[in-house]
Amino acid sequence: MSDQTQSQDQLISNKMPKGIPYIIGNELAERFSYYGMKTILVVFMTQYIMSRQGTVDPMTDADATTWYHLFSMANYFFPILGAILSDVLWGKYKTIITLSVVYVLGHVALAVDDTRLGLSIGLTLIAMGSGGIKPCVSAHVGDQFQKTNKHLLEKIFGYFYFAINLGAAGSSLLTPVLLDRYGPHLAFGVPGFLMLVATVVFFMGRKVFIAVPPVGWKQYKGDVFSPQGKKAIVNLSIMYVFIAVFWSLFDQTGSSWVLQAEQMDKWVNLGFVKFELLSSQIQAINPILIMIFIPLFTSYLYPALNRMFHLTMLRKIVIGMFIAGFSFAILAVAQIQVINGGTPSILWQFFAYLILTAAEVMVSITGLEFSYTQAPNSMKSFVMGLWLLSVALGNLITAQVSSRLQDFITIGTPTYFWFYAILMFVTAIAFVLVARRYREESYIQNRAEKPKPLGFGAAELEPVAADNK
């Protein structure tokens, strides 16, 4: 091979796909809308929700926590249905565009009707829209890459997650202020507008996206029940059951953590400035830390660990699961002070967020990449849906504990936080035994070069022989 040919190959292999900026921009706005709405949910339900007669009708802490986690569960259950729609009927691009409209309507319902009826309708539509597009968006990212530039996947999933958390950070700081000063109509209306912006941005990329077409039910059924398909589903599903416990802990940052923050001293003194946080604003620490940790972990921590031992994706997830348990141990100690009549500083939660966010980087970002590479090419969205189903299962665990075991494991007690810390440690130990038996695969789309028109103006590339090395 000539030096010129080698140089051209190197240029191609390091070139970013043209559709990536539109996907990242869409994800930034969509995550702003989602986390902006979700950040204020518990406070809205316990302080602002109205009855049909026009009077304030607040929920109890236990009821609000149950509603919050049932919504989160639904939000991560619908991905499996969105994945089937995508892989069998519509393709990822059409699925994302269609369900984004449903998503916007859910925000409209929340912004217009501040009763339990409006809450039910709004959360249902948002769960269908947001949940339905989740596996398609992350799989759509991977579909933009070919064999020549697949080494960029880790970097792009990092950028993808960075955009998620940039949107989450901005909305977690802004929407609590909007709710506090202007009420729920504007506080829910702004995230709705951002979801509309997200849909428009994604539509703008229709001419440059690479959209792998749906395979149809006959081939899809054959792929799912093929030896490769059954192996991927069974092996990954077993692992996702363990990872669900991590999500059971993590998603409580919007429920039990917010309720604990209400009992803390929320004044922060940095020496040169002193300010008071709203109880739901403390959640903004997580996405801010994510944006700091992603480059630090990728550039420094992972290479350092890799010099000590071979750092596989599964080992990253195992480490993250162990770390997550310590965050709840910190909250348990802080809650002891609350029970004894003290008012601990909100900085207790800051240190807990520091630990939990480090765990999230290792579990969530790695899990996205791992799930994509373990999925046979015709099942990318379906396997992403299974990954997200683990989040639904985690929230179901929390909802069941909050509603059925509240007499024994009561929210707002140290026992509540100790329970989840111990549960996480035990699960992580069990996961080590499962992970040691797993044999990793690597399925990356390998496509023909010439696109052809696809519905809604996107470009379609027909897949050819699968590259699984």
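The values are calculated or read from the model by the stated rules, or taken from the named source; none is laboratory data. Since we're looking at a predicted model, the values are computed, not measured. All Cβ positions, glycine included, derive from the backbone under ideal geometry; neighbour counts span all protein chains shown.
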Residue match in the stretch 307-318 (condition: at pLDDT below 90, of a type in the set (Ser, Thr, Tyr) and either more than 24 Å from residue 425 (Cα to Cα) or out of contact with any Cys (no Cβ under 9 Å at 6 or more places or on another chain) (or both)): yes
Test set (1) in a helix (DSSP H, G or I); (2) touching a residue at least 40 places away in the same chain (Cβ under 8 Å) - residue 278 fails condition number: (1)
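Closer than 21 Å to residue 181 by Cα and surrounded by fewer than 19 Cβ atoms within 10 Å (Cβ to Cβ): does that describe residue 268?
Numbers: closer than 21 Å to residue 181 by Cα: yes; surrounded by fewer than 19 Cβ atoms within 10 Å (Cβ to Cβ): yes.
Here the answer is yes, as residue 268 does meet what is asked.
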Answer from 129, 118 - the residue that is within 20 Å of the chain's Cα centre (by Cα) and assigned to a helix (DSSP H, G or I): 129
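Taking into account only those residues within the stretch 50-92 that are in a loop (DSSP other than H, G, I, E, B) and of a type in the set (D, E, K, R), which is modelled with the lowest pLDDT?
Residues of the stretch 50-92 in a loop (DSSP other than H, G, I, E, B): 51-55, 57-60, 91.
Okay, now just the ones that are also of a type in the set (D, E, K, R), so 52, 57.
Numbers: 52: 84, 57: 89.
It comes out as 52.
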Test: residue in the stretch 148-157 that is aromatic (Phe, Trp, Tyr) and under 26 Å from residue 399 (Cβ atoms): no
Residue match in the stretch 104-111 (condition: buried (at least 21 other Cβ atoms within 10 Å of the Cβ) and either more than 28 Å from residue 24 (Cα to Cα) or polar (S, T, N, Q) (or both)): no
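Mind listing whichever residues of the stretch 271-281 are buried (at least 17 other Cβ atoms within 10 Å of the Cβ) and either under 18 Å from the mean Cα position of the chain (by Cα) or not aliphatic (A, V, I, L, M) (or both)? First the steps, then the outcome.
Initially, the stretch 271-281 is screened for residues buried (at least 17 other Cβ atoms within 10 Å of the Cβ), giving 277-281.
The answer is 279, 280, 281.
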Enumerated helices (runs of 4 or more DSSP H) restricted to the stretch 295-381, each holding at least 2 residues that are buried (at least 23 other Cβ atoms within 10 Å of the Cβ) and under 22 Å from the mean Cα position of the chain (by Cα): 313-339, 347-360, 366-374
Residue, surrounded by the most Cβ atoms within 10 Å (Cβ to Cβ), within the stretch 192-234, restricted to residues that are at pLDDT below 85 and polar (S, T, N, Q): 228
